[in-house]
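Engineer: Shown below is the structure under consideration.
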Amino acid sequence: MLSRRDFLNFSAATIALTSLPNQIQSNQLIRNYKLTAGITPHLFDKKGVSDNLWLYNKQTPGPIIEAKENDVIRVEFVNNLYEATTIHWHGIKNINKMDGVPYLTQDPIQPGESFLYEFPVKNAGTFWYHAHVETWKQISKGLYGPLVVKNQVDDQFDNDIVILADDWRLNKKYQIDEKSFESLHDWSHAGRIGNWVTINGKKFPKYSINKNGHTRLRFINASNARILSFGSSLDGMKIISIDGMSVEPFIEDKFNLGPGQRIDLLIKTYDLSTIDFFEVSGKKPLSAFKLNVDQTSKKNIRKEDINLQSFKKIPHYKNPNILKIHMQGGAMGNLAKAYFEGTEKNFRSLAMEDKKFWAFNKLVGKYEHELAKVKKGQVIILEIWNDSRWSHSMHLHGNHFYVQSKEFENLETPILRDTYVMQPGEKSKFIYLADNPGKWLFHCHMLEHAASGMIGYIEVL
Ligand code: C2O
Ligand code: CU
């Protein structure tokens, strides 16, 4: 195990990271999917049908897109909404033009239009896909689904269950509350916090798993802004993967999941008949799910351990390119003035005239806002300072980065993530090799923050 000191000691000259996408080869298996975005009614509660959800293939969450490492995912997408949209494949080290960012990597897909997404997946793990136009509206209406890439490690599991959680804001009639979509309060504070947390679209779902087997649970947080928190009836939960990257397994009683983040657990079901999980970010559990161990299943009676895959190495390198990112803004913050579209404005006029509240380095961002240009092959260190009173779930497109996470007490080694929650006042370093050319968005995954300025891109040339 490497210590904090080793991590901060940038010396040797190699860096091990995730594989690059390259051109699609003729021997790669193509996984074909069709996704259609449309307006779909949904029953959250027997008391009322919600008829203003926007879903993929009429289901919430959208269908699981599944592939094996080194396959090609091909999605024929049709937009049956009344608004333009795109799809982003969160956590995939993608080909830039398939990354789904409007105005930056593609034109928005207009109502009635279709678009073909096609890209190789080089790394097994838990990912997800979601709309990327006006995400604060389109994701909160339900435009997302899980994306799972497997390899031979996954063949050893007897059950593999996606636990995709979302925090909806419903009004008294069980409709998505649209009146509050552009609430200045939400945009300048913690974002849109909901009142109806679901797991795979339900409040208290149940799943059946095999006796004496191994179960992989893949947690995904699709909330606009709520940091979810999971506990269980187990005597410790074994974390085996974070943001789609395997880690040296470790045990936690409880874990947090910021918007956009994922965590995979390994559960062995030898002596238990039920296992309960609770979402505990509120005062009482907002949602929960149960695993019922099927005592009659004869499918697997083995007890040996699973061989987990090897873990990504810690980077050692020289001459990093250091980019400083000073995050400011929000309510009770210290952002007096910032530039928006070339004009310097005070905080009040940014808020009132432009609905902007957040800035990186005194610049209010948007999709087309360039934060930096770097050369391919450089090691980048984003030195980030969250100089605001709010937490931010910072997401970098197209790359995983090493971060010295402060969230797990026992984890001294840096972990690979694509989304990292920064606490108020926290300073952090995101370290990655810029080996994938293109324009890669960097933004807060608290979607109201991104919409009101906490966004920009880093171009790799
Ligand atoms: Cu999951 Cu830019 O997004
Ligand atoms: Cu934020």
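The values are calculated or read from the model by the stated rules, or taken from the named source; none is laboratory data. All figures in this text were calculated on a predicted structure; none of them were measured in a lab. Quick reminder, even Gly has a Cβ in these numbers, built from the backbone with ideal geometry, and neighbours come from all protein chains shown. What goes into the accessible areas is simple: the full protein's heavy atoms, side chains included, and nothing from ligands, DNA or RNA. Shrake-Rupley method; radii C 1.70, N 1.55, O 1.52, S 1.80 Å.
Engineer: Using only helices, what value at 222 nm comes out for the chain when you add -39,500 (n - 2.57) per DSSP H run of length 4 or more and divide by the total residues, to the nearest 500 deg cm²/dmol?
Structural biologist: Estimated from H runs of four or more residues: -500 deg cm²/dmol.
Engineer: In addition: Using a 1.4 Å probe and counting only protein heavy atoms, arrange TRP440, TRP54 so the residue with the most accessible area comes first.
Structural biologist: TRP54, TRP440
Engineer: Might you report the magnitude of the Cβ-based charge dipole of the chain about its Cα centre, with Lys and Arg at +1 and Asp and Glu at -1, to the nearest 20 debye?
Structural biologist: The dipole of the chain has a size of about 400 debye.
Engineer: Take ARG74, ARG389, ARG262 and sort them by solvent-accessible surface of the protein heavy atoms, 1.4 Å probe, largest at the top.
Structural biologist: If we order ARG74, ARG389, ARG262 from most to least accessible, we get ARG389, ARG74, ARG262.
Engineer: Run the quick spin-label model on GLU368 and ASN80: label points 7 Å from Cα toward the beta carbon, then report their separation in nm to one decimal.
Structural biologist: 3.3 nm
Engineer: In the full protein assembly as shown, how much of LYS68 is accessible to a 1.4 Å probe, in Å² to the nearest 10?
Structural biologist: Surface open to solvent at LYS68 totals about 70 Å².
Engineer: Relative contact order of the range 321-460, please, whole-number percent, based on alpha carbon pairs below 8 angstrom and at least 6 residues apart.
Structural biologist: 31 percent
Engineer: Considering just Cα atoms, how many Å³ per residue does the convex hull of the range 344-455 enclose?
Structural biologist: 101 Å³
Engineer: Measure off 7 Å from each Cα along the Cα-to-Cβ vector at SER233 and ILE39, then give the distance between these two points in nanometres to one decimal.
Structural biologist: Reported label-point gap for SER233 and ILE39 is 4.3 nm.
Engineer: Give me the base-10 log of I(q)/I(0) for the range 178-292 at each q in 0.11 Å⁻¹, Debye formula, one uniform scatterer per Cα, rounded to two decimals.
Structural biologist: -0.40
Engineer: Quote to one decimal, in nm, the extra length available between TYR339 and GLU178 on full extension: 0.36 nm per residue of separation minus the C-alpha distance between them.
Structural biologist: My answer for the length gained is 55.0 nm.
Engineer: Continuing with the same structure: Go through 161-168, 415-422 and give me the packing order, highest mean Cβ count within 10 Å leading.
Structural biologist: Top of the packing list down: 415-422, 161-168.
Engineer: Probe 1.4 Å, all protein chains in place: accessible area of GLU134 in Å², nearest 10?
Structural biologist: Rounded to the nearest 10, the figure is 70 Å².
Engineer: Before anything else, pin down the relative contact order of the range 30-150: Cα pairs under 8 Å, at least 6 apart, normalised by residue count, whole percent.
Structural biologist: Computed over the range 30-150, the figure is 31 percent.
Engineer: How big is the antiparallel share of DSSP beta bridges in the range 145-233, given as a percent to the nearest 5?
Structural biologist: Of the beta bridges lying entirely in the range 145-233, close to 45 percent run antiparallel.
Engineer: May I ask you to compute the full-extension gain from LYS375 to ASN171, defined as 0.36 nm times their residue separation minus their alpha-carbon distance, rounded to one decimal in nm?
Structural biologist: The span from LYS375 to ASN171 would gain 68.6 nm if fully extended.
Engineer: Then there's this: If the chain were replaced by its equivalent ellipsoid, with semi-axes equal to the square roots of 5 times the Cα gyration tensor eigenvalues, what would those be, largest first, whole Å?
Structural biologist: Semi-axes, largest first: 32, 28, 23 Å.
Engineer: Give the percent of DSSP beta bridges with both residues in the chain that are antiparallel, rounded to the nearest 5.
Structural biologist: 70 percent
Engineer: Can you list, bin by bin at 5 Å, the percent of alpha carbon pairs in the range 56-158, starting at 0?
Structural biologist: The distribution over the range 56-158 is 2, 13, 23, 25, 18, 11, 5, 2, 1, given as percents.
Engineer: Here's another thing I want to ask about it. For the full complex of protein chains and a 1.4 angstrom probe, list SER114, SER349 by accessible area with the highest value first.
Structural biologist: If we order SER114, SER349 from most to least accessible, we get SER114, SER349.
Engineer: Suppose the chain between ASP354 and LYS318 were pulled fully straight at 0.36 nm per residue; how much longer would it get relative to their current alpha carbon spacing?
Structural biologist: Here the segment from ASP354 to LYS318 would lengthen by 8.8 nm.
Engineer: Could you give the dipole magnitude of the range 321-460 about its Cα centre, charging the beta-carbon of Lys and Arg +1 and that of Asp and Glu -1, in debye to the nearest 20? Present the calculation step by step, with values, prior to reporting the outcome.
Structural biologist: Numbers: 17 positive and 16 negative charges, 63 e Å.
Value, rounded to 20: 300 debye.
Engineer: What is the Cα convex hull volume of the range 406-447 when expressed per residue in Å³?
Structural biologist: On the way: hull volume 4.3 nm³, N = 42.
Per residue, the Cα convex hull of the range 406-447 comes to 103 Å³.
Engineer: Now, a different point. Toward the positive end of the charge dipole of the chain, about the Cα centre and with charges on Cβ (Lys, Arg +1; Asp, Glu -1), which of ASN200, GLN106, GLN309 goes farthest?
Structural biologist: ASN200
Engineer: Output ³J(HN,Hα) for the range 350-356: one whole-Hz value per residue in order, computed from phi by the Karplus curve 6.51 cos²θ - 1.76 cosθ + 1.60 with θ = phi - 60°, and x for Gly and Pro.
Structural biologist: The phi angles translate into 4, 5, 6, 8, 10, 6, 10 Hz.
Engineer: Could you work out the relative contact order of the chain? I mean the mean sequence separation of Cα pairs under 8 Å and 6+ apart, divided by the number of residues, in percent.
Structural biologist: For the chain, the relative contact order is 16 percent.
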